[in-house]
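Working notes for the structure below.
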Amino acid sequence: MSDVEQRLAALERRVEELEDERAVARLVASYGPLVDSGSAEAVAGLWRQDGSYDVDELLMTGHEEIAAMVRSANHRRWIDSGCAHLVGPPHVTVTGNEAVAVCHSLMVIHTGGRFRIRRATANHWRLRKDTGGWRITTRTNRVLDGRPESSELLAAGIGHGDTP
Amino acid sequence: MSDVEQRLAALERRVEELEDERAVARLVASYGPLVDSGSAEAVAGLWRQDGSYDVDELLMTGHEEIAAMVRSANHRRWIDSGCAHLVGPPHVTVTGNEAVAVCHSLMVIHTGGRFRIRRATANHWRLRKDTGGWRITTRTNRVLDGRPESSELLAAGIGHGDTP
Amino acid sequence: MSDVEQRLAALERRVEELEDERAVARLVASYGPLVDSGSAEAVAGLWRQDGSYDVDELLMTGHEEIAAMVRSANHRRWIDSGCAHLVGPPHVTVTGNEAVAVCHSLMVIHTGGRFRIRRATANHWRLRKDTGGWRITTRTNRVLDGRPESSELLAAGIGHGDTP
């Protein structure tokens with residue numbers, strides 16, 4: 001293999017790695033705007049068809065259950081009174097066609113003419129790449145109210161603890 | 001065209017795409033630190049000379065009006081009592097020399113010895129690249145207090161709704 | 001030098017620049033999840049062995065002092081009652097083997113069954129790259145309560161003010 005060939009192959013690998021991390025971060029960054037605009041199909045489409053979204057006591061599996069949450073009367077009420085799901089910058093680890101991302105999120109609500117934080121949450125995302133690009137396989141959210149599993153989830157997402 | 005030529009050209013395109021998204025995200029990330037430090041010229045310089053910043057009822061057009069907002073007595077009071085404009089990670093879409101970015105922002109103020117969220121806002125940025133690099137053409141911010149235009153702005157920024 | 005050689009060398013430089021910024025942003029994004037999970041050694045390991053962390057009145061120097069802060073009874077109490085250190089997207093400037101990053105952070109705590117912002121902070125990071133990768137040399141945090149040094153720190157991080 002020539003020197004030029006080796007350098008091209010190395011560059012192609014490095015650029016693909018950057019593109020993979022960028023694609024995962026971009027997907028994570030789309031969640032908040034989509035969910036706060038009630039874009040139910042688009043939110044669900046961030047997951048694989050068999051993907052799951054596990055939020056404390058509520059487990060949603062598959063596109064229909066995720067879209068139903070976005071369309072629910074409860075969720076509509078948050079949007080109609082004012083709501084911001086601010087998702088922090090994720091720490092992304094790509095390994096081949098799989099990725100783990102971890103970040104915090106804040107659910108900020110508008111209530112009584114003021115804004116306040118309703119929930120601060122640990123977010124752990126598992127994603128997979130196939131021909132359709134990156135999609136979420138499982139996303140696990142736990143409220144940061146002192147329960148040990150929330151901080152364990154943060155450690156696991158960085159690779160310093162058991163995986164969920 | 002040789003195989004080497006093709007691979008070089010493909011890499012150059014992919015790297016430019018990554019650089020463009022990085023440049024837009026970096027510009028967005030500079031807004032908060034610049035506005036919270038009262039760096040009026042530097043804030044204005046993020047926009048094109050004829051760029052506009054449309055925040056709910058206030059429309060600023062051109063560098064002078066934007067810099068005047070940063071220098072205003074009102075804005076100085078926020079800085080002097082303590083203020084953080086936290087701008088979330090943007091979702092960036094580059095198309096040639098144009099880009100759209102969308103994100104949430106929180107304006108956190110220090111008042112009565114405590115911090116609270118004064119505003120949670122939908123941010124929609126349009127940017128253009130020319131020989132001077134990326135600059136904002138229009139930035140539209142709407143408070144997330146339940147008004148429909150705010151959540152429409154979020155959807156439009158991801159490409160799931162009418163453009164503003 | 002041939003045209004192919006020049007284009008390869010240019011691409012290698014550009015990709016390394018993107019990788020450097022990515023590495024710095026990724027390190028910054030790991031701080032919150034690590035500190036909120038009490039991962040004391042991993043938090044300390046983000047710094048160089050002789051690195052320092054200067055937070056308002058507390059100056060920590062070296063891995064042991066930083067790890068001791070994470071292990072302290074005070075910090076454990078924050079985790080055990082619920083705590084989110086949300087670190088915003090950093091603006092990163094790489095110059096050779098040195099980098100400066102600047103961002104806001106929010107310390108959100110769970111208290112009395114509610115979440116509130118305990119501190120909004122200006123963050124200024126200096127980092128250095130050696131054979132072990134990027135590590136923090138000094139991180140300076142100042143609460144955004146109106147003290148002039150906090151907003152000066154934000155301006156300095158973007159390159160619009162005196163360096164700390």
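The contact residues of region A:135-156, meaning those that lose at least 30 Å² of 1.4 Å-probe accessible area when all protein chains sit together rather than their chain alone, are A:144, A:145, A:146, A:151, A:154. Strictly greater than 20 Å: what percent of every Cα pair in region C:60-119 meets that? Here the long-distance tail beyond 20 Å is 48 percent of all Cα pairs in region C:60-119.
Averaging Cα coordinates gives a centre for region C:109-127 and one for region A:60-104; these two points are 23 Å apart.
Here the label points at residue B:80 and residue A:118, each 7 Å from Cα along the C-beta direction, are separated by 3.8 nm in the simple model.
With unit charges on the beta carbon (Lys/Arg positive, Asp/Glu negative), name the residue among B:6, B:78, B:134 whose Cα is farthest towards the positive pole of the charge dipole of region B:3-157. Toward the positive end, the furthest listed residue is B:78. Within the listed set C:44, C:101, C:120, the Gaussian network model of chain C (springs between alpha-carbon atoms below 10 Å) gives the highest mean-square fluctuation for C:120.
Here is the interface size for A with B: some 2800 Å² of accessible area buried, both sides summed, with a 1.4 Å probe.
Sorting the segments C:123-129, B:107-113 by their mean number of nearby beta carbons within 10 angstrom, highest to lowest, gives C:123-129, B:107-113. May I ask for the percentage of alpha-carbon pairs in region A:37-94 that lie more than 16 Å from each other? Value for region A:37-94: 53 percent of Cα pairs lie more than 16 Å apart. Only Cα sites of region C:1-88 enter the Debye sum here, all with the same form factor; the resulting log10 I(q)/I(0) across q = 0.11, 0.14, 0.15, 0.21 1/Å is -0.44, -0.60, -0.65, -1.02, listed in q order. Out of every Cα-Cα pair that chain C contains, those further apart than 29 angstrom amount to 24 percent.
Amide H contacts of residue A:60 (H built 1.01 Å from N, in plane; Pro and chain starts excluded): A:53, A:54, A:55 sit under 5 Å, all sequence-distant by 5 or more or on other chains. Taking one quarter of the surface of the convex hull spanned by the alpha-carbon atoms of the protein assembly as shown gives a direction-averaged projected area of 23.8 nm².
Take the Cα of residue A:129, step 7 Å toward its Cβ, do the same at residue C:7, and the gap between the two points is 2.3 nm.
Sorting A:2, C:72, A:30 by solvent-accessible area of protein heavy atoms yields A:2, C:72, A:30, largest first, with a 1.4 Å probe.
Compare each residue of region C:55-96 in its chain alone against the assembly with all protein chains, and report those whose accessible area goes down by 30 Å² or more; 1.4 Å probe, heavy atoms. When all protein chains are present, C:84, C:86, C:89, C:91 each give up 30 Å² or more of accessible surface. For residue A:146, the residues 5 or more places off, or on other chains, whose built amide H falls under 5 Å of its own are C:82, C:83.
Springs between alpha-carbon pairs under 10 angstrom, Gaussian network model over chain C: which of C:131, C:61, C:140 fluctuates most? The residue with the greatest mean-square fluctuation here is C:131. Model label points for residue B:58 and residue C:50, set 7 angstrom from Cα along the Cα-to-Cβ axis, are 4.7 nm apart. When you restrict to C-alpha pairs under 8 Å that are six or more residues apart and normalise by the size of chain C, the relative contact order lands at 19 percent. Within region C:3-157, antiparallel bridges make up roughly 90 percent of the DSSP beta bridges whose residues both belong there.
Annotation: per residue accessible area for the protein assembly as shown equals 42 Å², rounded to a whole number [probe 1.4 Å, protein chains only]. Only protein atoms count toward the accessible area here, which uses a 1.4 Å probe; on region A:1-57, the carbon and sulfur part of that area reaches 46 percent.
The values are calculated or read from the model by the stated rules, or taken from the named source; none is laboratory data. Note that the coordinates shown come from a computational prediction; the quantities given were computed from them, not determined experimentally. All Cβ positions, glycine included, derive from the backbone under ideal geometry; neighbour counts span all protein chains shown. What goes into the accessible areas is simple: the full protein's heavy atoms, side chains included, and nothing from ligands, DNA or RNA. Shrake-Rupley method; radii C 1.70, N 1.55, O 1.52, S 1.80 Å.
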